[in-house]
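Participant: Quick one: the structure is below, questions incoming.
The values are calculated or read from the model by the stated rules, or taken from the named source; none is laboratory data. Since the model is a prediction, treat every value here as computed from it, not as a measurement. Here the Cβ positions follow ideal geometry from the backbone for every residue, glycine too, while neighbour counts run over all protein chains shown.
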Amino acid sequence: MNTFNFPAAVWRAFLKGCALVGLAILSCASAHAQTESVSLGQGRYFTQPKGSDKSPPPGPYRSGQMLERAVPTNQWYSSLVFKSPPEALFAHPLSVKPTQRGFELAHPQKQIVPTPRLDVEVHYPHANPLVFQPTHFKTTRFTLDKASDWAIDIASGEDGNSLKATVAHGSPLVSFKLTQGHVDLLLPAEASAKVGTDSRVLRVNSIGQFFAVFGPTGAQWSSLSAGQWRLELPEGKKYFSAMVLPDASDETLAELSPHAYVFINDTRVEWQYDEQNSKVTTSFKAITETMEGSERRPLLGLYPHHWHRNDAVLAQTRKAVPSIRGMIRLLPAAEFRTERKFTGLLPFWPGVDAGDKKALLEEVMSADLRQARSMLLPMGEGPYWQGKGLQRLTQMMAVFEQQGNTAGRDRLLALVKGRMAQWLSGESRKTYFHYDRNLGTVVSYPEEYFSVQQMNDHHFHYGYWIRAAAEIAMRDPEWAQPSAWGGMIDLLIKDIATQERGRRDFPFLRNFDAYESHSWASGVSLGPDGNNQESSSEAINAWVGLILWGELKGDRALRDLGIWLYTSEIEAIQHYWFDLYKLVFPKEYKNVEVSMLFGGKYAHNTWWTDEPRQIHGINLLPITTASLYLGRDREFILRNLEAMDKETEIFKSRGKRADPPDIWGDIFLKYRSLAQPREALAQWQRWGSVEFGETRTHTLHWLLTLNDRGPPLLEVTADTPYYGVFRNDAGKTTYWVYNFSNQARTVQFSDGQTLVAEPQRLSELKK
């Protein structure tokens, strides 16, 4: 993968003149331009916002190595970087919160909260914490001192003294190191504590929750009052740890205690795509330091998406702790791995024989082509709505191409290229991109949805641009060259998915949580419920863009990264948004899915409306040929749609109405067709509503295709990334392969079928 790096020396040189940096030659057109804009081929970004446009937030609460890195926004711990004191950080099963009175540690418990929608939300708030206070200094300023792939160090203190806490995703354990002194422990109301048979260990019973606090050999516990204990730490051993326990038994404590002295220093996630077997392997490894004792294995906490259907780790996890994400299984090991099937994707589907609907399809295509220019920006003025407009036209463009209407295809391609150039060239007074060196990010203006001031939704916004750019590049490879527009697209990719760690220009995988295996949308995470993501499907759309762009540019590392992100996010969606395996949602939760996932809350709502159709649809759109994962469980599709209809009746009983009544009807028909293709096509209305990222052309082509070929058969894989298998009610199976290469190749499917895929085209086999 190409790099884009701005060392301090290069920046100093750039401000004095012109420099060669990163992706391409960064040219300075004039003395005036050298401090304002940087050219990438035919594109250009600006080094400062224009006029009254706001800059991204500074991210001031960092220390140590984090001062030398781009700021890690959009993570579960990002509140720590942007707010003092920060909001609670949800690491699961624990939550932590540095405060003026000390370092808080809690095990959030379930709360069921009724809503005006006559359903409930599920909250796991940070409450009833244990509070750790250094005795020789105060915890004043709190900073992110270190961050690895799923663990962080939080530093607090004054006058050169510090308390550092290491918090890891999934871990039941937080480890602490002090520069000097001892530590006091403040207990929640109604909690009790006692020293165990091991005098280093304090056992805490906090309203039915069980903790243990582990001091080093030679430490001494003493009770200062009913709710306060002191741990006196010997010289040279200024460390301790605190753990939430699965239960209060002596056996559990004895089993887990040795791991309490194995501290995590670093964490790393590695991924590999096995094309031959269509398999994605993720390896998780912790680098540790044993403070005392002979145990060398840390205690890792595995989420359901780690241990479900993973017999190798299940056999090693005898204990578990409840959390908002289901049971966190405790694994005594420094590493583990997961293997998941990659179910393939296609850039588009072939032309369809519309039968008695041929004239209708042609009429719809003709009408959409006439309105194409107005479809480019149906709402808003910024990068999100522009991105949706670009992708809706490229999706429609593929239908025109495959139906043999090359004149219409070329007209749509020209429209998309023209609008891309308007933004990417930097020549518009209103629409432009800005690279912010202080934070390490590319932002775009006009700002939408706080994408600049709060760093929200970059993967949603830029995902549409990258996917549309890949569609252009398939038809015009020169357009994607660095000397043309490719450098600007690479820049957007680096903003959301830089693969290298520790860089100054962009953070590692800005939006993606490598351990929880899904993205976060909020950049600064300023709410009490932790970070959040609403539209998981728009995250998927971004990763598809990476796959296609990487393939077209010959960047195998980028392609494989996209496949890993795509496969991982789908697995998380099936668990935490849809709960397909019944391992996550509590029995009190009344909805079939979650539309807004937080670190400490599940909500069935949206940020802009509580209208049910949009609540259900936000985790479906945009439905493209890469959305077949939504068809993994056909019974769930029907339950989801039935629930939406029932919620709509409740919505009406509250005196509310959807406007229009069939809002996003095209999205739900495409979704239904993954389970019931004939019924979906029969329900399509010529003048039904159209979601602003969709077209009637693309919807009708989708419905006609699945009506003929049947729903996806996701059980069958192939030894290429670009395939799809479908089976209709008559039992006829269709195999499709797109071959990006210049040579024909034989593709092997896992059910024994083979297909000779012709170069640079979609090939088909019917059985």
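Participant: Quick one: which of Arg504, Arg510, Arg467, Arg475 is among the basic types (Lys, Arg) and more than 27 Å from Arg392 (Cβ to Cβ)?
Facilitator: Arg504
Participant: Sticking with this structure for a sec: Looking at Arg556, Arg510, which one is farther than 24 Å from Val122 by Cβ, at pLDDT 95 or above and surrounded by fewer than 24 Cβ atoms within 10 Å (Cβ to Cβ)?
Facilitator: Sole residue among the options that is farther than 24 Å from Val122 by Cβ, at pLDDT 95 or above and surrounded by fewer than 24 Cβ atoms within 10 Å (Cβ to Cβ): Arg556.
Participant: Further question: Any idea which residue in segment 211-229 is surrounded by the fewest Cβ atoms within 10 Å (Cβ to Cβ), counting only those that are over 36 Å from the mean Cα position of the chain (by Cα) and part of a strand (DSSP E or B)?
Facilitator: Filtering segment 211-229 for residues over 36 Å from the mean Cα position of the chain (by Cα) gives 215-229.
After this cut, where a residue has to be part of a strand (DSSP E or B) as well, the list is 220-225, 228-229.
Values: Gln220: 14, Trp221: 19, Ser222: 11, Ser223: 13, Leu224: 11, Ser225: 8, Gln228: 15, Trp229: 21.
So the residue we want is Ser225.
Participant: Same structure again: Restricting the first residue to segment 136-151 and requiring it to be under 26 Å from Pro234 (Cβ atoms), which pairs with a second residue that is in a loop (DSSP other than H, G, I, E, B) meet a Cβ separation below 6 Å and a spacing of at least six or different chains?
Facilitator: Pairs found: His136/Gln180; His136/Gly181; Asp145/Ser63.
Participant: Of Ser294, Ser323, which residue is out of contact with any Lys or Arg (no Cβ under 8 Å at 6 or more places or on another chain), surrounded by 22 or more Cβ atoms within 10 Å (Cβ to Cβ) and among the hydroxyl-bearing types (Ser, Thr, Tyr)?
Facilitator: Sole residue among the options that is out of contact with any Lys or Arg (no Cβ under 8 Å at 6 or more places or on another chain), surrounded by 22 or more Cβ atoms within 10 Å (Cβ to Cβ) and among the hydroxyl-bearing types (Ser, Thr, Tyr): Ser323.
Participant: For Leu491, only one of the following conditions fails: (1) more than 16 Å from Ala542 (Cβ to Cβ); (2) touching a residue at least 24 places away in the same chain (Cβ under 8 Å). What is its number?
Facilitator: (1)
Participant: Under 30 Å from Gly389 (Cα atoms), in contact (Cβ under 8 Å) with a residue 24 or more places away in the chain and not hydrophobic (A, V, I, L, M, F, W, C): is that true of Ser741 in this structure?
Facilitator: Working: under 30 Å from Gly389 (Cα atoms): yes; in contact (Cβ under 8 Å) with a residue 24 or more places away in the chain: no; not hydrophobic (A, V, I, L, M, F, W, C): yes.
No, not satisfied.
Participant: Given the options Pro116, Pro49, Pro86, Pro58, name the one that is touching a residue at least 40 places away in the same chain (Cβ under 8 Å), within 22 Å of the chain's Cα centre (by Cα) and more than 21 Å from Ala212 (Cα to Cα).
Facilitator: Answer to the selection: Pro86.
Participant: What residue, among those in segment 410-469 that are more than 19 Å from the chain's Cα centre (by Cα), of a type in the set (Lys, Arg) and modelled with pLDDT of 95 or more, is farthest from Ser525 (Cα to Cα)?
Facilitator: Here the residue is Arg411.
Participant: Within segment 200-210, restricting attention to residues that are hydrophobic (A, V, I, L, M, F, W, C) and touching a strand residue (DSSP E or B) at 6+ places or on another chain (Cβ under 7 Å), which residue is surrounded by the most Cβ atoms within 10 Å (Cβ to Cβ)?
Facilitator: Of the residues in segment 200-210, the ones hydrophobic (A, V, I, L, M, F, W, C) are 201-202, 204, 207, 210.
Next cut, touching a strand residue (DSSP E or B) at 6+ places or on another chain (Cβ under 7 Å) only: 201-202, 204, 210.
Working: Val201: 19, Leu202: 24, Val204: 22, Phe210: 19.
The residue in question is Leu202.
Participant: So, one more: Take the residues in segment 731-767 that are in a strand (DSSP E or B) and among the aliphatic types (A, V, I, L, M); name whichever of them is nearest to Met474 (Cα to Cα). Step through it out loud before you land on a result.
Facilitator: Within segment 731-767, the subset in a strand (DSSP E or B) is 733-739, 745-749, 754-757, 761-766.
Subset that is among the aliphatic types (A, V, I, L, M): 737, 747, 755-757, 762, 765.
Details: Val737: 15, Val747: 21, Leu755: 22, Val756: 21, Ala757: 17, Leu762: 13, Leu765: 23 Å.
Here the answer is Leu762.
Participant: Shifting gears a bit: List pairs: first residue in segment 259-274 and over 17 Å from Glu516 (Cβ atoms), second residue among the aromatic types (Phe, Trp, Tyr) anywhere in the structure, Cβ distance under 6 angstrom, at least six positions apart or on different chains.
Facilitator: Pairs found: Ala260/Phe214.
Participant: Out of everything in segment 519-566 that is assigned to a helix (DSSP H, G or I) and of a type in the set (Phe, Trp, Tyr), what residue ends up being nearest to Met455 (Cα to Cα)?
Facilitator: Among those residues, the one meeting the criterion is Trp543.
Participant: Kindly indicate whether any position in segment 389-411 is under 27 Å from Arg559 (Cβ atoms), surrounded by 16 or more Cβ atoms within 10 Å (Cβ to Cβ), among the charged types (D, E, K, R) and out of contact with any Gly (no Cβ under 9 Å at 6 or more places or on another chain).
Facilitator: Checking segment 389-411: at least one residue is under 27 Å from Arg559 (Cβ atoms), surrounded by 16 or more Cβ atoms within 10 Å (Cβ to Cβ), among the charged types (D, E, K, R) and out of contact with any Gly (no Cβ under 9 Å at 6 or more places or on another chain).
Participant: To continue, here is another question. Can you spot a residue in segment 239-262 that is among the hydrophobic types (A, V, I, L, M, F, W, C), closer than 30 Å to Ala557 by Cα and touching a helix residue (DSSP H, G or I) at 6+ places or on another chain (Cβ under 6 Å)?
Facilitator: Within segment 239-262, not a single residue is among the hydrophobic types (A, V, I, L, M, F, W, C), closer than 30 Å to Ala557 by Cα and touching a helix residue (DSSP H, G or I) at 6+ places or on another chain (Cβ under 6 Å).
Participant: Also: Of the residues Phe460, Phe450, which is buried (at least 19 other Cβ atoms within 10 Å of the Cβ), out of contact with any His (no Cβ under 8 Å at 6 or more places or on another chain) and hydrophobic (A, V, I, L, M, F, W, C)?
Facilitator: Phe460
Participant: Let me ask you something else. Of the conditions (1) touching a Ser or Thr at 6+ places or on another chain (Cβ under 9 Å); (2) surrounded by fewer than 23 Cβ atoms within 10 Å (Cβ to Cβ); (3) not in a strand (DSSP E or B); (4) not polar (S, T, N, Q), Leu80 satisfies every one except a single condition; which number is it?
Facilitator: Unmet condition: (2).
Participant: Looking for something closer than 30 Å to Ser425 by Cβ, in a loop (DSSP other than H, G, I, E, B), modelled with pLDDT of 95 or more and of a type in the set (S, T, N, Q) - is there at least one such residue anywhere in segment 29-44?
Facilitator: yes
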